[in-house]
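Q: My questions all concern the structure below.
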Amino acid sequence: MNTENQQFKLTFINYLIIGSLLFGMFFGAGNLIFPLHLGQLAGSHWLPAAIGFLLSGTLLPLLSIIAISITQSEGIYDVARPIGRHYALIFLILVHATLGPMFATPRTATVPFELGFARYIPANQTWIWLLVFSAAFFTLTYFLSRSESHIIDIIGKLLNPLFLILLFIIFLFAFLRPMGDAEQAVISTNYVHDALTNGFLEGYNTMDVLAGLAFGVTIVTSIKLMGVRSPRSIAAATAKSGIICIGFEALIYLGLIVIGAMSLANFKLSENGGIAFGQIANYYMSAVGSAILATLATVTCLSTAMGLVTAFAQDFHKQFPRISYLTFLRFTCAISFVIANVGLTQIISWSLPILMLLYPLAITVILLSILSPLFKKSPIVYRITTVFTLIPALFDATNALPPILKQTAPIQGLVHFASSYLPLFSLGFAWVPFALIGFILSIAAYALFRAPSMQLNPETSAKPK
């Protein structure tokens, strides 16, 4: 085994390629429009908002990759497994449904359509062209993702360089001829006092924490295809590549947030970052800017879509091996195509309550995985912390429901109860104090019951020697 590990030692170039793969899968058009819109919302308070966004949009995704490395896991199921097999399977399905055919993957088609094409199409014909565009988009995604061994070559060596060149052109114009002073930009009401926390919550929209857990299986598979076999070597390669990817992503986020704040000197606050990006591109390069924007959005979303559908198919094929990888791939591409034609606004609106539920659960399982060597991956710590996190997260999700549901009497009653009794509920962080309390109690329980004869999970109990 040692001879094999020495023979297939990765080079710095290999780490760059894997990091490029991660970057291509993480960074979609949504990652372009959300920080840009955040800059417009925060105005001159862009720095604290950026710190909050980077915490949830870059640091936590990096920690999710490190969690996979530390636990030597190959995906979502393995990371959540200490909580219980049934919970791990449900968590895997919910995360992949969110990242896959229900929300994130359909968004990879609707975002570039809205950014680059929708405004040039008559309103009564939009649905027809979205149907055509999304069909072509997911057909191409399927054919490019059929071979798992080609993922690195297609994303890391072809799409990423093209994306970076196009993004560099936008940045070059924006910083050489800034539209205004970001330090003098108007501040939106919610960002006058709570810029940091609102920036943190805005980072949820990237879905990158969930993606970090989901992409674990793709990254591990790609590293194995390079010839690495040792679990320790795979874990190290995953962590090093993740640092490269997330660090570069953070720099792009900062640039986009600043550009968004500067744009307020010429434009009003937009409804979303897609509109803002279109205005900025047209301001600097008119029709050429629109063409670059459309190409940029399509290219980066295509690479993200490939990562999402591949992770979905690989993870579910692993859990249900009787069904082939290609069958799951066809399924997620087909359902994503159908959901995409509902429209971007509806997709974003219905995804928010799901994110408010899943993000706290994902954050806690990531932190527990990183800390797991301290309590020997004891199920009791995982389970108590998760239960204490789940209850307030359900209330946070309820508060984020679309108006058609939130305005009903039962939901209003739940929101009123949570507002009265759950600390930090108004900020969207009711789960934080509960998770901390649960973790403290679980550590106390672990210290009390850690004797082999008193282990809660007999499968993990050590046998007397």
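The numbers here are math on the coordinates, done by the rules we state, and not lab data. Since this is a predicted model, take the numbers as computed values, not measurements. Quick reminder, even Gly has a Cβ in these numbers, built from the backbone with ideal geometry, and neighbours come from all protein chains shown.
Q: Bin all alpha-carbon pair distances of the stretch 1-125 at 5 Å intervals from 0 and give each bin's fraction as a whole percent.
A: 2, 8, 10, 15, 17, 16, 13, 10, 5, 3, 1, 1, 0, 0
Q: How big is Rg to Rh over the chain, alpha-carbon atoms, Rh as the Kirkwood inverse-mean-distance radius?
A: Ratio of gyration radius to Kirkwood radius: 0.97.
Q: Per DSSP helix of 4 or more residues, -39500 (n - 2.57); summed, then divided by the residues of the chain. What does that give at 222 nm, rounded to the nearest 500?
A: Taking each H run of at least 4 residues, the total per residue is -23500 deg cm²/dmol.
Q: If we count other beta carbons within 10 Å of each Cβ, what is the order of Met285, Met356, fewest first?
A: Ordered from fewest to most neighbouring Cβ atoms within 10 Å, Met285, Met356 come out as Met285, Met356.
Q: Okay, next question. Taking the alpha carbon gyration tensor of the stretch 66-224, what are the square roots of 5 times its eigenvalues, largest first, to the nearest whole Å? Walk me through the numbers before you get to the answer.
A: On the way: eigenvalues 201, 125, 75 Å².
Gyration-tensor ellipsoid for the stretch 66-224: 32, 25, 19 Å.
Q: Let me ask another. With unit charges on the beta carbons (Lys and Arg positive, Asp and Glu negative) and the dipole taken about the Cα centre of the stretch 360-465, which residue among Thr398, Ile443, Leu422 sits farthest to the positive side?
A: Ile443
Q: Is the stretch 184-246 rounded, prolate or oblate when judged by the Cα gyration tensor, a ≥ b ≥ c being the square roots of its eigenvalues, rounded requiring a/c under 1.5 and prolate requiring a/b larger than b/c? Spell out each step's value before the answer.
A: On the way: a/c = 4.45, a/b = 3.44, b/c = 1.29.
In terms of gyration-tensor shape, prolate.
Q: Same structure, new question: Compute the Cα gyration tensor for the stretch 314-458, then decide on rounded, prolate or oblate, letting a ≥ b ≥ c be the square roots of its eigenvalues: rounded whenever a/c is under 1.5, prolate when a/b is larger than b/c in the other cases, and oblate in all that remain. Don't skip to the answer; put the middle values down first.
A: Values: a/c = 3.04, a/b = 1.18, b/c = 2.58.
Oblate, since a/c reaches 1.5 and b/c is not below a/b.
Q: While we're looking at this one, here's another question. Please work out how many pairs of lysine residues in the chain are eight or more positions apart (or on different chains) and have Cα atoms closer than 16 angstrom.
A: 5
Q: Counting other C-beta atoms within 10 Å, which of Leu176, Leu302 has the fewest, and how do the rest follow?
A: Leu176, Leu302
Q: Let me ask something else about it. In the chain, which helices (entire DSSP H runs) extend 27 Å or more along their own long axis, judged by Cα positions, while averaging at least 0.0 on the Kyte-Doolittle scale?
A: Length and hydropathy pass: 126-145, 231-262, 273-319, 344-371, 379-399.
Q: In addition: Restricting attention to the stretch 306-360, which trypsin sites (Lys or Arg not before Pro) occupy a DSSP loop and are surrounded by at most 15 other Cβ atoms within 10 Å?
A: Details: sites: Lys318, Arg322, Arg330; in loops: Arg322.
Here the sparse-neighbourhood loop sites are Arg322.
Q: Also: Give the distance, in whole Å, between the Cα centre of the stretch 328-351 and the Cα centre of the stretch 56-85.
A: Distance between centres, Cα-based: 25 Å.
Q: Rounded to a whole number, what is D in µm²/s for the stretch 288-335 from Stokes-Einstein with the Kirkwood radius over alpha-carbon pairs (10 °C, 1.306 mPa s)?
A: Numbers: Rh = 12.0 Å.
For the chosen part, D equals 133 µm²/s.
Q: Find the relative contact order for the chain and round it to a whole percent, using C-alpha pairs within less than 8 Å whose residues are 6+ positions apart.
A: Values: 710 pairs, mean separation 137.6, N = 465.
Relative CO of the chain lands at 30 percent.
Q: Ranked by Cβ crowding within 10 angstrom, fewest neighbours first, how are Cys301, Cys333 ordered?
A: Cys333, Cys301
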